[in-house]
Each structure stands twice: as structure tokens, then as C-alpha cells.
Amino acid sequence: MDVASWQQRWQEGRIGFHLTDVNPLLIKYCHRLGLQPGDKVLVPLCGKSRDMHWLHGQDYAVTGVELSPIAAEAFFKENNLHACDLADGRFTIWRHAELEIHCGDIFEFSNEGGDAIAACYDRAALIALPETRRSAYVQHLTRLLPVGSRTLLITLEYKQDEMQGPPFSVSQSEVQGLYGKAFDVELLETLDALQSSPHLRERGVTQLTESVYLLTRRLPEQSPGRAGVTKPFSTP
């Protein structure tokens with residue numbers, strides 16, 4: 001999706017991807033990020049997600065990056081947070097205490113001069129990008145995230161010919177291919193998400209799998225501990 005199309009979605013209110021409540025998968029697996037109070041969490045393509053407010057409530061510093069100023073302004077307004085905004089190069093930064101949204105292009109976000117990013121939470125960024133942009137996105141994150149940092153990644157998988165994204169279908173094998181060179185990839189859970197996604201059923205999707213991954217950043221030259229995606233242990 002290009003910049004103009006994304007901006008138009010927000011102007012027209014076509015934001016079926018937005019959740020009005022905190023994502024239960026974030027609440028369930030946030031502890032796997034191994035964060036300490038004050039640690040910085042990056043939320044790329046954050047929209048006006050309530051997940052950021054929840055993370056801030058856990059005493060983490062939260063930095064969202066979002067292209068649409070409509071989304072950034074709406075986040076603070078809907079959460080009754082007073083925010084100051086300031087221009088910083090190619091970004092406008094909306095800030096309330098240790099919670100901020102950098103309004104601009106994620107590919108131009110550098111985090112220069114900021115505290116090190118301890119973790120990343122990606123529920124709607126990778127799946128919002130077409131296949132041709134995902135590799136560049138992951139390479140950019142790899143440069144932003146220090147060794148040892150962890151990412152909670154949530155993806156969707158469906159028959160791509162049933163619907164034109166976003167959100168786009170991203171398979172387990174693609175996640176491994178994109179992240180495997182610089183991250184250890186652990187699959188935490190997969191679940192059938194069709195019934196909880198009426199907006200996607202209306203668009204023609206007949207099968208929908210949601211997957212949750214924990215990605216641990218390592219030196220690119222290091223070999224992964226195990227080949228492929230590490231899957232969760234299950235008992236009969």
C-alpha cells in the first residue's frame with residue numbers, strides 16, 4: 001500500500017483492522033519480551049492502537065510510528081491524554097509522558113539519540129505491507145533493534161486470492177525467510193481467527209489463521225539455535 005492510499009483509508013474511516021480493545025495476545029505473551037520498567041517498546045505502523053496505552057500502563061516507555069496524523073491525534077484524544085506535538089526533521093512527534101507517536105514514514109525512522117529499543121510489538125505492520133516491501137521493512141527493523149531485543153509478531157494467513165490486502169497473508173515459511181538470518185524465530189501459538197474477524201469474512205475470507213511469534217535479535221553471522229521455526233511444545 002502506498003502513502004496516499006494509507007492516508008485515504010484514515011480519512012474515509014476504512015480502518016477495520018483497528019481493535020477497540022487491547023489485543024488479548026499481547027496481554028498473554030507480553031511477559032515473554034522480558035521487559036523491565038522504563039524499557040522502550042517500538043510499535044511500528046501503530047495507528048491508534050489501544051495496545052500502546054496498555055503497554056504504557058505497564059510502566060514501559062512506548063514509541064509508536066504512524067504515517068497518518070489523523071491516527072496519531074485520535075489516539076491521544078480517545079485515551080483522554082494531553083499531548084504536545086513538535087516537529088523533528090521529517091516527523092511530527094506527539095508526546096505524553098513516556099508515550100509518543102512519531103508521525104511519518106517508518107522507513108525514515110532512525111531512533112538516533114533515543115534510548116535503546118528493548119522490544120518491538122508488531123500486530124499490524126508486517127501484514128499491512130505488500131510482499132515487495134516486507135524484506136526492506138525487516139532489514140530496517142534489524143538495523144533499529146539491538147542484539148538481545150525481542151519482538152512479539154502477530155500475523156494472519158489466508159488464501160491470498162480470496163481478498164486483496166491489506167491485511168496481507170504472511171505464512172510461517174515467509175516469517176522464517178524474512179527474519180531467520182538475524183533473529184531466532186519461535187512460534188508461540190496459532191489459532192483460528194475467522195469467527196473473530198467479521199470484517200474479513202465480509203471481504204470473502206473463508207479460512208483465517210492468526211500466528212504469534214517471539215523473535216530474538218542475534219548477530220546476523222550467528223547460526224540459529226535450531227533450523228526453521230521453533231514451534232510450541234504441546235501434549236497429546
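Below, the figures for the structure above:
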item	result
Given (1) open to solvent by 20 Å² or more (accessible area, probe 1.4 Å); (2) closer than 29 Å to Asp21 by Cβ; (3) aliphatic (A, V, I, L, M); (4) modelled with pLDDT of 95 or more, index of the condition Val147 fails	(2)
Which listed residue is touching a residue at least 12 places away in the same chain (Cβ under 8 Å), assigned to a strand (DSSP E or B) and within 17 Å of Tyr121 (Cα to Cα), from Val22, Val43	Val43
Residue check, Ala87 in a strand (DSSP E or B), at pLDDT 95 or above, of a type in the set (Gly, Ala, Ser) and open to solvent by 10 Å² or more (accessible area, probe 1.4 Å)	no
Qualifying positions in the stretch 57-79 - in a helix (DSSP H, G or I) and charged (D, E, K, R)	Glu73, Lys77, Glu78
Leu153 under 16 Å from the mean Cα position of the chain (by Cα), closer than 22 Å to Leu200 by Cα, open to solvent by 10 Å² or more (accessible area, probe 1.4 Å) and in contact (Cβ under 8 Å) with a residue 60 or more places away in the chain	no
All positions within the stretch 105-121 that are out of contact with any strand residue (DSSP E or B) (no Cβ under 8 Å at 6 or more places or on another chain) and part of a helix (DSSP H, G or I)	Phe107
Among residues of the stretch 127-141, those that are over 14 Å from the mean Cα position of the chain (by Cα) and either without any contact (Cβ under 8 Å) to a residue 24 or more places away in the chain or over 16 Å from Glu108 (Cβ atoms) (or both), counted	6
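Every residue, every condition in (1) polar (S, T, N, Q); (2) open to solvent by 40 Å² or more (accessible area, probe 1.4 Å); (3) modelled with pLDDT of 95 or more; (4) under 21 Å from Gly34 (Cβ atoms), yes or no:
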residue: Gln172; (1), (2), (3), (4): yes, yes, yes, no
residue: His199; (1), (2), (3), (4): no, yes, no, no
residue: Thr209; (1), (2), (3), (4): yes, yes, yes, no
residue: Pro232; (1), (2), (3), (4): no, yes, no, yes
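The values are calculated or read from the model by the stated rules, or taken from the named source; none is laboratory data. None of the values given here were measured: they were computed from a predicted structure. Cβ sites come from the backbone with ideal geometry, for glycine too, and all protein chains shown count toward neighbours. Accessible surface is based on the protein model in full, side chains and every heavy atom, while ligands, DNA and RNA are left aside. Shrake-Rupley method; radii C 1.70, N 1.55, O 1.52, S 1.80 Å.
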